[in-house]
1. Name all residues of the range 78-111 having a backbone nitrogen under 14 Å from the label point set 7 Å from the Cα of residue 120 along its Cα→Cβ direction, giving them as ranges.
2. Taking a ≥ b ≥ c as the square roots of the Cα gyration tensor eigenvalues, with a/c under 1.5 meaning rounded and otherwise prolate when a/b beats b/c, else oblate, which class fits the range 81-158?
3. Determine which residues of the range 223-258 fall in the zone a paramagnetic label at residue 278 would reach in this model, i.e. backbone nitrogen under 18 Å from the point 7 Å along Cα→Cβ.
4. So how much slack lies between residue 270 and residue 102, counting 0.36 nm per residue of separation and subtracting their Cα-Cα distance, in nm?
5. Roughly speaking, what % of Cα-Cα pairs in the range 254-297 are separated by over 13 Å, rounded to a whole number?
6. Please work out the FRET efficiency for the pair residue 218 and residue 137, using the Cβ-Cβ distance as r and a Förster radius of 41 Å; give the result to the nearest 0.05.
7. For residue 287 and residue 154 in one chain, what is 0.36 nm times their gap in residues minus the Cα-Cα distance, to one decimal in nm?
8. Just the number: Rg to Rh for the range 88-237, Cα atoms, Kirkwood Rh, two decimals.
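None of the figures in this text is laboratory data; all of them are computed from the coordinates on show. Computed from a prediction, not measured in an experiment: that's the story for all the values here. Here the Cβ positions follow ideal geometry from the backbone for every residue, glycine too, while neighbour counts run over all protein chains shown.
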């Protein structure tokens, strides 16, 4: 052992270039180490065999083989700076094109919005103007309605005034080539004998109304020159025996609107007369016991 401690430092100090033969004790030491290593290997091998014989063998997964990383050539694996720069430039170009398109679309949208804004403003102004005109027209329409109603009433009043000189006669038999004026004057003279001398002058025009129809007698219209004579004939004809004998009936001349109102009022007038009340017409209006009545009530 003392010799080994002395030899090891000397071995470390030897130059690698100088190869000196080792002394004999070195070979013996190597042989002793090799024998010892062999004995260790045999001992370990025997232990493994005994363990294998004592324990049952269990299957075990074979370790997965590690995949070898593919190897590429340095030229293929590495991307050159020129390719990266070209890709960046292409991407930048595409982005610029998209931005240009978006900018153009934005301009078009802005122009369209401005145009719509102007159109809406114009339509709003036109609408306000139309509303103002409609309001003015409504006011004018109301005035025209009022004026129209006043004019109609005035025309109707003129017709009433003119028709106050007229009487209608129903039931006079219609004959061919008749002298209707002479026949009517004779009937009127019978109704008011004291006015017979004035009757020819008091009667102006006598004619039948409407178109001639078979088997139907048309109404006769009598226009008087003196209203006093007309009112006297009208008063006497209501209870005249001559009218019953001749089968004729007198009636006032009224505008069509007044006749329609009288037709609506007639049920109330007839009911009041049956009840013993005083009911009569005066123009287009009806009265019951001195009170004016309306068609609705």
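1. Within reach of a label on residue 120: 110-111.
2. Working: a/c = 16.29, a/b = 9.95, b/c = 1.64.
Here the range 81-158 falls in the prolate category.
3. 235
4. Numbers: separation 168, 0.36 × 168 = 60.48 nm, distance 8.92 nm.
The span from residue 270 to residue 102 would gain 51.6 nm if fully extended.
5. Values: 434 of 946 pairs.
Here the tail beyond 13 Å accounts for 46 percent of pairs.
6. Values: r = 47 Å, r/R0 = 1.14.
That gives a FRET efficiency of 0.30.
7. Details: separation 133, 0.36 × 133 = 47.88 nm, distance 2.27 nm.
Going from the current span to full extension adds 45.6 nm.
8. Working: Rg = 40.6 Å, Rh = 23.3 Å.
Result for the range 88-237 is an Rg/Rh of 1.74.
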